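*Asks:* A single structure is presented below for examination.
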Amino acid sequence: MADGGAVRGDAKRVTAGGPTGFWDPGSQILWRYRENGGPGIHIARPVTVVRDDADLLAAWMAPGTECVKPVLADGTPVHQEPLESRYTKPRAVQRDHWFGTGVLKLARPGEPWSVWLFWDPGWQFKNWYVNLETPLTRWDGGVDSEDHFLDITVQPDHSWDWRDEDEFAQARRDGLMDEAQARRVREAGHAAVEVIHAWGPPYSEGWQHWRPDPSWAVPSLPEDWDRTPAHVST
């Protein structure tokens, strides 16, 4: 089973420092995504660090966490807009809360994807979700990436499926990625599928049995959630 790395006591929002530059378990950081084709942040999610070392960053997004998400300029949820105009209409950001069960996010340094674990109520494991994205960059308050539209779902029986291929195609048509980048994203997806076929980490590590420390407080969304990092690293 994976090492949960939980610690007792109230979690604190801290910066990565010291000789290792890693966050301690229980630290509260931001997991953010830049807008596609622009420098701004349009997704920000406060999370609690479960494990952080040279091999893996694991972070827990608790139910009820206040987040920032993209919406259309008039406040319409993005998913309600027809695909043909979803990426071309003006957008804004909106504060909201993560409803339902929490999400455990796992990312290995340098990999162009992260793996998320979902549960149904009662901690019934549901599935893994491979989010194709740029490798995470680290800064003092968290990690940043850019989503690449195409995703993969992985079931407990080891079966898998591509997700959001229509959005991936539309993003290319709308100029949010060129053919060279689209090819790299596809290559990253096939590399992720090879890991699934081999049932390598993190699928083989038992993270579906992990549980959060009950003493952890739900992180709050800071007012400066969109601040520009002074220094970043991979």
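*Asks:* Of all residues in region 132-169, which are assigned to a loop (DSSP other than H, G, I, E, B) and either closer than 16 Å to residue 187 by Cβ or touching a residue at least 40 places away in the same chain (Cβ under 8 Å) (or both)?
*Replies:* 134, 135, 136, 140, 141, 146, 156, 158
*Asks:* Now for a different question. Quick one: how many residues across region 102-125 are free of Cβ contacts under 8 Å to residues at least 12 places away in the same chain and under 22 Å from residue 162 (Cα atoms)? Break it down into steps so the answer makes sense when it comes.
*Replies:* First pass over region 102-125, keeping only residues free of Cβ contacts under 8 Å to residues at least 12 places away in the same chain: 122, 124.
Add one more test, that the residue is under 22 Å from residue 162 (Cα atoms), and what stays is none.
Of the residues in region 102-125, 0 are free of Cβ contacts under 8 Å to residues at least 12 places away in the same chain and under 22 Å from residue 162 (Cα atoms).
For every residue, the table says whether it meets (1) more than 16 Å from the chain's Cα centre (by Cα); (2) of a type in the set (A, V, I, L, M).
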site: 143; (1), (2): no, yes
site: 148; (1), (2): no, no
site: 157; (1), (2): yes, no
site: 161; (1), (2): yes, no
site: 183; (1), (2): yes, no
site: 201; (1), (2): yes, no
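*Asks:* Take the conditions under 14 Å from the mean Cα position of the chain (by Cα) and not polar (S, T, N, Q) and apply them to residue 51. Does it pass?
*Replies:* no
*Asks:* Can you name the residue in region 123-135 that is surrounded by fewer than 21 Cβ atoms within 10 Å (Cβ to Cβ) and hydrophobic (A, V, I, L, M, F, W, C) and is also nearest to the chain's Cα centre (by Cα) among such residues?
*Replies:* Selected residue: 125.
*Asks:* Taking residue 221, is it free of Cβ contacts under 8 Å to residues at least 40 places away in the same chain and either buried (at least 20 other Cβ atoms within 10 Å of the Cβ) or in contact with a strand residue (DSSP E or B) (Cβ under 7 Å, 6 or more places away or on another chain) (or both)?
*Replies:* no
*Asks:* Does residue 38 qualify as being surrounded by fewer than 17 Cβ atoms within 10 Å (Cβ to Cβ), more than 15 Å from the chain's Cα centre (by Cα), of a type outside the set (Asp, Glu) and more than 22 Å from residue 176 (Cβ to Cβ)?
*Replies:* no
*Asks:* For residue 57, state whether it is of a type outside the set (S, T, N, Q) and more than 19 Å from residue 142 (Cβ to Cβ).
*Replies:* No.
We did not get these values from a lab; they are worked out from the coordinates using the rules stated. What you are looking at is a predicted structure, and each value in this text was computed from that prediction instead of being measured. For neighbour counting, all protein chains shown are included, and Cβ atoms are generated from backbone atoms with ideal geometry for every residue, glycine included.
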